[in-house]
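Below is one structure, written out as structure tokens, with a few remarks after it.
The values are calculated or read from the model by the stated rules, or taken from the named source; none is laboratory data. All of these numbers come straight from a predicted model, not from anything done at the bench. Please note: Cβ atoms are built from the backbone with ideal geometry, for glycine as well, and neighbour counts cover all protein chains shown. The protein model used for the area step is the full one, side chains on, heavy atoms only, and it has no ligands, DNA or RNA in it. Shrake-Rupley method; radii C 1.70, N 1.55, O 1.52, S 1.80 Å.
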Amino acid sequence: MKKLIFWGTAVLAAVLAGLISAHLLLRTAGLAGSVQAGSWSTNLTIGSEDAGLYTRAMVALYGLLALSKDETIYYTAQKDDTGDPLSGDCAYRLEGQSLDARWWSITAYGPESYLMETEEGRYSLTQTGMTMEEDGSFTAIVSADPREGNWLPVKRGQSFDMTVRFYNPGPSIYEKPEEAPLPRIVKEGCQ
């Protein structure tokens, strides 16, 4: 009887430890992955047959309606260019060039990786909705306080991350994903 209790307890403890570690891994890893490009990272197995169990679980948790790798590549940033976590208490300036894709967007997500409910009802900056300079460059502000021009609202007091979606990315993105010309995330200040 003692052996049965011992082994039953050991199995229960192992299952519980496995569930807790999987939960923590999935909650802290997000969609970030093996390729880093500045503050942005991606996992090139997302949307492919090569995706492992944890990658598929992360997509199920964070990548609602994720498309196949042949159609889209996703880059996620959870920190600014200095390595500090993104916070709705700060304002950030995105500096970049038009991205090499048929169409692209930059979206802010709240702490649970869902769209942030904002009074403005604006969730993304898009290739077709942004004001661009003649040379193809752009500057945008991400902040809780309204700004003129290219502005992406976030909520004060909440952490957030941003995802860049490349829809039908150019060959250079597939060939050298670590050199993708993603926007810089420059902190302008915090309240």
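Quick notes on this structure:
- Among (1) of a type in the set (Asp, Glu); (2) open to solvent by 60 Å² or more (accessible area, probe 1.4 Å); (3) farther than 19 Å from SER41 by Cα, the one test that ASP89 misses: (2)
- Residue satisfying all of: in segment 176-191; open to solvent by 80 Å² or more (accessible area, probe 1.4 Å) and touching a residue at least 12 places away in the same chain (Cβ under 8 Å); farthest from TRP40 (Cα to Cα) among these: GLN191
- Sub-6 Å Cβ pairs linking a first residue in segment 105-128 that is outside any strand (DSSP E or B) and modelled with pLDDT under 90 to a second residue that is open to solvent by 20 Å² or more (accessible area, probe 1.4 Å) and of a type in the set (D, E, K, R), at least 6 apart or interchain, are MET116/LYS155, ordered by first then second residue.
- The residue of segment 148-170 that is farthest from TYR92 (Cα to Cα), among those that are surrounded by 14 or more Cβ atoms within 10 Å (Cβ to Cβ) and basic (Lys, Arg), is ARG165.
- Close Cβ contacts (under 7 Å, 6 or more residues apart or on different chains) running from residues in segment 132-149 that are touching a residue at least 12 places away in the same chain (Cβ under 8 Å) to residues that are part of a strand (DSSP E or B) and basic (Lys, Arg) comprise THR139/ARG93; ILE141/ARG93.
- MET116 being of a type in the set (A, V, I, L, M), over 19 Å from the mean Cα position of the chain (by Cα), open to solvent by less than 80 Å² (accessible area, probe 1.4 Å) and over 20 Å from THR42 (Cβ atoms): no
- ILE173 being over 20 Å from TYR92 (Cα atoms), open to solvent by less than 20 Å² (accessible area, probe 1.4 Å) and touching a strand residue (DSSP E or B) at 6+ places or on another chain (Cβ under 8 Å): yes
- Sub-6 Å Cβ pairs linking a first residue in segment 34-47 that is modelled with pLDDT of 90 or more to a second residue that is open to solvent by 40 Å² or more (accessible area, probe 1.4 Å), at least 6 apart or interchain, are ALA37/GLU178; SER39/LYS79; SER39/ASP81, ordered by first then second residue.
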